[in-house]
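S.K.: Quick one: the structure is below, and I'll ask about it shortly.
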Amino acid sequence: MKIISVNDIAEYDGEEVSIQGWVYKRTGKGKLAFLLVRDGSGFVQCVAFNGDLSEELFETISHIPQESSVVITGTVRADKRAPGLPGGYEIGISAFSVIQAANEDYPMALKEHGADFALDNRHFWIRMPSQWAILRIRATVISAIREWLDTNGYILMDTPILTPAAAEGTTTLFETEYFDEGKAYLAQTGQLYNEANIFAFGKVYCFGPTFRAEKSKTRRHLTEFWMVEPEVAFCDLDQLMEIEEQFVTHIVKRVLKERRVELESLGRDLSALEQVDVPFPRISYDKAVEMIKEIQAETEDPEEKALLDIEWGMDFGARHETVLTKKFDKPLFVYGYPTQVKAFYMEPMPGRPEACKSVDLLAPEGYGEITGGSERMSDPDLLLQRIHEHGLPEESFKWYLQLRQFGSVPHSGFGMGVERTVAWLCGTDHIRETIPFPRTIKRVYP
RNA sequence: UCCUCGUUAGCUCAAUUGGCAGAGCGAGCGGCUGUUAACCGCUAGGUUCCAGGUUCGAGUCCUGGACGAGGAGCCA
């Protein structure tokens, strides 16, 4: 018998097929038994009728424990009552074999769970439809990222994960012993290496795990997360924004095309995502500060009003980003942040050294910063001065400074956090659901 | 690091002024020919986070601790 994938079930209406998978849920109604079976590609209802099967087989089916692994053969039929993902089709069981009958004390009941319990059981939680949907969307986001970059002339350059020193002095690093060479640190960005790579390859990207030992305990932070970082020679800040908006639009359109079943199962408002298209609105940091001040003036709630306090020169908090993005229905570029709140390597605005050629892309609906980028500094003397100002070890950056002395050109790049992007696309309220096994300040298990 | 909140059955949560430890879900058994978080009946299931203290009596009050969550800062 032909073994099919559940997500292709519509192609087999009326045919007898087999599926191999796991019993997700079982309900019964006297002489009928309903099994919701998942096979990795989807969820499908299988129906057993007492009159069509031997008494022994019907008893087996109507008592099969949740999560048992099974092979089921039967006839596919369209029935709008049938639940499932994609749903609308069910299998009338004619043959049924058990690979392993699961223990009866499966810990994940089919109901809502608290965060701590769900995360302790992450190895089981990923079997549930919501997590299954999010992680399938994640895979498509990653595929779309690679597809766009690979077809637009970007060369993949894997950058090191073990690195000699802080690339950006502001964040804390995971430290490890490195033989006789002293300390090494887990990478928090591949950008500096990509700045070397562009002088050999023009347009490059790196894509891998990134590590931040910050003691952040919020729904937007992980200690290990995935970041894609494109870097482009002969590219200024305006050109960078054009690249970013095409890139993000491509990702959104592909997820809408290929993961509609998953998005709908999550209850995501698709109309919000369907509005995403080039060009994205662009506002300066100066304008953003003005807008936040206006919003603050209209705010009644004193607590909220205090959270919105802002003066030119301050970085935005989560609250600032949220109120700002609610004024737009597409992702929003904010460019020209104060130099003092950004990393050392950003090119100053012409005639305004207090601001730099940086740009953040803020997702709509309050999901916050999903990309951060800038035009990189090209003057070697100023760069050295900045490294000193930030208290960074000059010796570690010798090679980086040399890049500016042998064919330096205007160049720009950005980093995009995969998990924050997936959280936005899925409408998930916590980033920990967007990676198979999240690492946070309080969790390295399972 | 700081602020706030929380910890009771496998899970989600109740428990009045300090007075017999409870429900729903899940599990097992039985019933029901279309279930969608099914429904109905029965059964099993407890170190109330830990250590002290007050009290005739503590899930509840006090002291200390552990663990967790969300937010701030920082960032993608």
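S.K.: Are any of the residues in segment A:350-357 acidic (Asp, Glu) and either within 11 Å of RNA strand B (Cβ to nearest atom) or not in a strand (DSSP E or B) (or both)?
M.R.: No, segment A:350-357 contains no residue that is acidic (Asp, Glu) and either within 11 Å of RNA strand B (Cβ to nearest atom) or not in a strand (DSSP E or B) (or both).
S.K.: Next question, about the same structure. When segment A:92-121 is examined, which residues are found to be assigned to a strand (DSSP E or B) and either within 28 Å of the chain's Cα centre (by Cα) or near RNA strand B (Cβ under 10 Å from one of its atoms) (or both)?
M.R.: A:92
S.K.: Further, regarding this structure: Going through A:301, A:329, A:269, A:315 one at a time, which residue ends up being acidic (Asp, Glu), in contact (Cβ under 8 Å) with a residue 60 or more places away in the chain and surrounded by fewer than 18 Cβ atoms within 10 Å (Cβ to Cβ)?
M.R.: Of A:301, A:329, A:269, A:315, the one residue that is acidic (Asp, Glu), in contact (Cβ under 8 Å) with a residue 60 or more places away in the chain and surrounded by fewer than 18 Cβ atoms within 10 Å (Cβ to Cβ) is A:269.
S.K.: Output the strands (runs of 3 or more DSSP E) that fall wholly within segment A:2-50 and possess 3 or more residues being touching a residue at least 60 places away in the same chain (Cβ under 8 Å), or say none.
M.R.: A:16-29
S.K.: Those residues that are assigned to a loop (DSSP other than H, G, I, E, B), surrounded by 15 or more Cβ atoms within 10 Å (Cβ to Cβ) and not hydroxyl-bearing (Ser, Thr, Tyr), I need them from segment A:66-82; list them, please.
M.R.: A:66, A:67, A:82
S.K.: Restricting to segment A:205-243, what's the tally of residues that are of a type outside the set (Gly, Ala, Ser) and part of a strand (DSSP E or B)?
M.R.: 15
S.K.: Please go through segment A:404-429 and pick out each residue that is under 11 Å from the mean Cα position of the chain (by Cα) and either surrounded by fewer than 16 Cβ atoms within 10 Å (Cβ to Cβ) or polar (S, T, N, Q) (or both).
M.R.: A:421, A:428
S.K.: May I ask you to list the residues in segment A:348-397 that are acidic (Asp, Glu) and surrounded by fewer than 21 Cβ atoms within 10 Å (Cβ to Cβ)?
M.R.: A:354, A:365, A:369, A:379, A:381, A:389, A:394, A:395
Here, each number is a calculation from the coordinates, and none is a lab measurement. Keep in mind it's a predicted model, so treat the numbers as computed, not measured. Don't worry about glycine lacking a Cβ; one is built from the backbone with ideal geometry, like all the others, and counts go over all protein chains shown.
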